Amino acid sequence: MTAKARITAIDRFIKGCREDGIYDDLNACCVMAGWDSLAGALTPLKGTAPTNTGFLDADLDRGIGLKGNGSSKYLDSNRGSNADGQNDFHHSLYVSNANSGNFYYMGQDTGGSTGATAVFRSGSALGYRNRSSGFDAIGLSAKGFLGQTRASSSEYSVRSNATSTTQSRASQSPTAVDVAVYAGSVGFATAMSDATLSFYSIGSATDLALLDARVSTLMADLRAIEEVGFDRDAIGYLRAVEEADGAFLETSVKIAVNNLVSGLKADGLWDAIGSSCLLCGPRTLAGALVPLRGDAPTGVGFVSGDYYRDTGLKGDGTSYLDSNRANNADPRNDFHISAYATAGATGATYFLGAQHATSSYKGIGYAIWSRSAGATASSVPSSTGLYAVTRDSDSAIKYIKPPSGVVSTSIASVAAAPYATNDYAFALSDSAGSPIGITDAKLAFYSIGTSLDLAKLDSHISSYVTAIGAAI
């Protein structure tokens with residue numbers, strides 16, 4: 001079924017390009033997403049197969065394409081820069097995850113040589129050389145279709161962010177050197193790309209808007225094929241993360257998210273989670289703060305360097321998250337809070353909760369508090385794993401705190417009335433909304449909501465964190 005769906009998607013792309021009158025403009029072209037092997041990704045849709053330097057099967061993600069390494073891996077398209085006319089050519093590509101620095105996406109360019117043609121990143125902009133030693137800087141596109149085309153000796157068109165613009169620049173005679181992909185030129189050993197690309201084409205002048213529409217539809221179709229059978233809430237979360245990240249997620253990460261959401265629902269835990277973030281898996285800090293459920297948290301002090309997508313968000317003893325969920329949003333005797341630590345704290349600090357005077361604490365970390373004045377299991381939270389507490393009655397609680405093993409222990413504890421201040425992550429909030437007990441631990445997950453089965457929650461979150469560590 002999956003293979004048939006991929007064939008259908010590519011057939012639709014070819015037919016659509018023919019209908020638009022642009023198929024004959026594609027003289028060298030590879031669709032690098034949708035395949036189970038590198039050999040499939042490098043089989044040309046049209047033209048000569050590219051010559052591979054350095055790429056391995058492990059660099060291919062079926063859903064989003066082939067990832068460069070920024071240092072040694074590139075493709076020789078085996079199409080000379082002068083194979084298409086000086087004033088009759090195009091280059092295009094589809095970016096699933098952009099360059100992290102000033103690297104080339106594709107072209108024939110050895111540092112601004114006469115007649116050079118290339119697409120590259122230059123600081124916060126895209127640089128286009130178009131049969132010229134000079135270049136034009138265009139607003140940076142994080143993902144999606146990029147292209148340039150020339151049908152005139154005096155100007156050319158570029159397309160990014162679904163917008164076409166015209167640049168005034170006279171053309172120069174191109175050289176016979178092959179166009180490279182993931183590099184500025186074949187054998188040019190600097191400024192190679194670490195981007196993930198899923199498509200490229202080289203050929204005669206074409207309508208970039210029409211090509212963009214067809215390529216973008218094809219890539220959306222191929223990504224959707226990998227999501228057949230996914231939970232609707234998982235897909236909604238993934239789309240929001242990809243928008244925040246400005247890039248598409250790897251198929252293995254998407255599968256881990258879907259397995260988590262589906263597992264939480266199967267075990268009756270999903271509806272008990274009122275507010276939650278997956279603090280590992282997304283590509284960026286902005287993506288990690290997209291809520292799995294509930295409102296997005298407000299970050300205070302965290303910067304991108306604090307975020308490790310394979311293991312989580314690292315505290316520094318001063319930064320914290322306001323969950324934007326009120327402590328009293330869940331009933332007095334029906335609540336839970338949880339946080340998964342991948343690196344423990346170095347002091348008597350807290351991972352999640354709220355504290356008010358001496359009568360109504362709710363927190364996990366150094367101690368377990370459950371809307372009471374009495375603390376349980378006080379010790380520096382230096383171990384990794386799930387820290388959580390839940391209450392479903394007025395007289396007892398259950399909690400998990402490493403390293404004593406994955407256990408739930410019932411103890412007698414009478415609940416006090418909750419206050420309205422928000423719960424904080426990486427700290428407790430006090431009655432004035434100030435953070436106390438701010439931790440330097442690294443957290444990969446937190447949740448706030450009504451009572452639930454802690455052992456089942458621990459199983460699902462542990463599996464997710466392990467899957468992300470293996471995927472990235």
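The values are calculated or read from the model by the stated rules, or taken from the named source; none is laboratory data. What you are looking at is a predicted structure, and each value in this text was computed from that prediction instead of being measured. So basically every Cβ, Gly included, is an ideal-geometry build from the backbone, and we count neighbours across all protein chains shown.
Please work out which residue is surrounded by the most Cβ atoms within 10 Å (Cβ to Cβ), limiting yourself to region 420-445 and to residues that are of a type in the set (S, T, Y) and more than 27 Å from the chain's Cα centre (by Cα).
Pass one, region 420-445, residues of a type in the set (S, T, Y): 421, 424, 429, 431, 434, 439.
Those still in the list that are more than 27 Å from the chain's Cα centre (by Cα) too: 421, 429, 431, 434.
Numbers: T421: 20, S429: 27, S431: 13, S434: 11.
Only one residue tops the list, namely S429.
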- Could you run through region 334-367 and say how many residues are touching a Lys or Arg at 6+ places or on another chain (Cβ under 6 Å) and among the polar types (S, T, N, Q)? 2
- Message: Would you confirm, using the coordinates I've provided, whether D178 is buried (at least 22 other Cβ atoms within 10 Å of the Cβ), assigned by TED's automatic domain parsing to the domain that holds T51 and either touching a residue at least 24 places away in the same chain (Cβ under 8 Å) or charged (D, E, K, R) (or both)?
- Response: yes
- Qualifying positions in region 298-315 - out of contact with any helix residue (DSSP H, G or I) (no Cβ under 7 Å at 6 or more places or on another chain) and farther than 21 Å from Y464 by Cβ: T298, G299, V300, G301, V303, G305
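If a residue counts only when it is assigned by TED's automatic domain parsing to the domain that holds G449, within 28 Å of P403 (Cβ to Cβ) and at pLDDT below 95, which strands (runs of 3 or more DSSP E) contained entirely in region 256-367 have at least 2 such residues? Please lay out each step first, then the result.
Numbers: elements: 273-278, 291-293, 298-300, 312-314, 320-326, 335-343, 350-356, 360-365.
Of the strands (runs of 3 or more DSSP E) lying wholly inside region 256-367, those with at least 2 residues that are assigned by TED's automatic domain parsing to the domain that holds G449, within 28 Å of P403 (Cβ to Cβ) and at pLDDT below 95 span 350-356, 360-365.
Out of all the residues in region 239-252, which are surrounded by fewer than 24 Cβ atoms within 10 Å (Cβ to Cβ) and in a helix (DSSP H, G or I)?
At the first step, the residues of region 239-252 found to be surrounded by fewer than 24 Cβ atoms within 10 Å (Cβ to Cβ) are 239-240, 242-247, 250-252.
Once the filter is applied, which keeps residues that are surrounded by fewer than 24 Cβ atoms within 10 Å (Cβ to Cβ) and in a helix (DSSP H, G or I), region 239-252 yields R239, A240, E242, E243, A244, D245, T251, S252.
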- Message: out of contact with any Leu (no Cβ under 9 Å at 6 or more places or on another chain) and among the acidic types (D, E): which single residue out of D36, D24 fits that description?
- Response: D24
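Do any strands (runs of 3 or more DSSP E) entirely within region 60-175 hold 3 or more residues that are closer than 27 Å to V253 by Cα and within 27 Å of the chain's Cα centre (by Cα), and if so, which?
Numbers: elements: 65-67, 74-80, 89-97, 104-108, 117-122, 125-130, 136-139, 144-150, 155-160, 163-168.
Answer list for region 60-175: 65-67, 89-97, 144-150.
Within region 1-47, can you find the residues that are of a type in the set (G, A, S) and loosely packed, with under 14 Cβ neighbours inside 10 Å?
So the first thing to find is which residues in region 1-47 are of a type in the set (G, A, S), and the list is 3, 5, 9, 16, 21, 28, 33-34, 37, 39-41, 47.
Correct list: A3, G21, S37, A39.
Table: residues versus (1) outside any strand (DSSP E or B); (2) under 21 Å from A470 (Cα atoms); (3) at pLDDT below 95.
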residue: K4; (1), (2), (3): yes, no, yes
residue: F13; (1), (2), (3): yes, no, no
residue: C17; (1), (2), (3): yes, no, no
residue: C30; (1), (2), (3): no, no, no
residue: N52; (1), (2), (3): no, no, no
residue: F55; (1), (2), (3): yes, yes, no
- Would you confirm whether any residue within region 54-67 is surrounded by fewer than 24 Cβ atoms within 10 Å (Cβ to Cβ), of a type outside the set (A, V, I, L, M, F, W, C), in the same structural domain as T175 (by TED's automatic domain parsing) and closer than 16 Å to G187 by Cα? yes
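Can you tell which of G294, G301, G263 is buried (at least 18 other Cβ atoms within 10 Å of the Cβ) and out of contact with any Leu (no Cβ under 9 Å at 6 or more places or on another chain)? If you could, list the steps in order and put the result at the bottom.
Details: G301 fails: buried (at least 18 other Cβ atoms within 10 Å of the Cβ); G263 fails: out of contact with any Leu (no Cβ under 9 Å at 6 or more places or on another chain).
Only one candidate passes the filter, namely G294.
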- Item | Qualifying position, being surrounded by fewer than 17 Cβ atoms within 10 Å (Cβ to Cβ), at pLDDT 95 or above and assigned by TED's automatic domain parsing to the domain that holds A33, among T217, T196 | T217
- Message: Take P50 and tell me if it is surrounded by 23 or more Cβ atoms within 10 Å (Cβ to Cβ) and either touching a Pro at 6+ places or on another chain (Cβ under 8 Å) or without any contact (Cβ under 8 Å) to a residue 40 or more places away in the chain (or both).
- Response: yes
- Message: in a strand (DSSP E or B), closer than 20 Å to D330 by Cβ and assigned by TED's automatic domain parsing to the domain that holds Y307: which single residue out of Y446, Y419 fits that description?
- Response: Y446
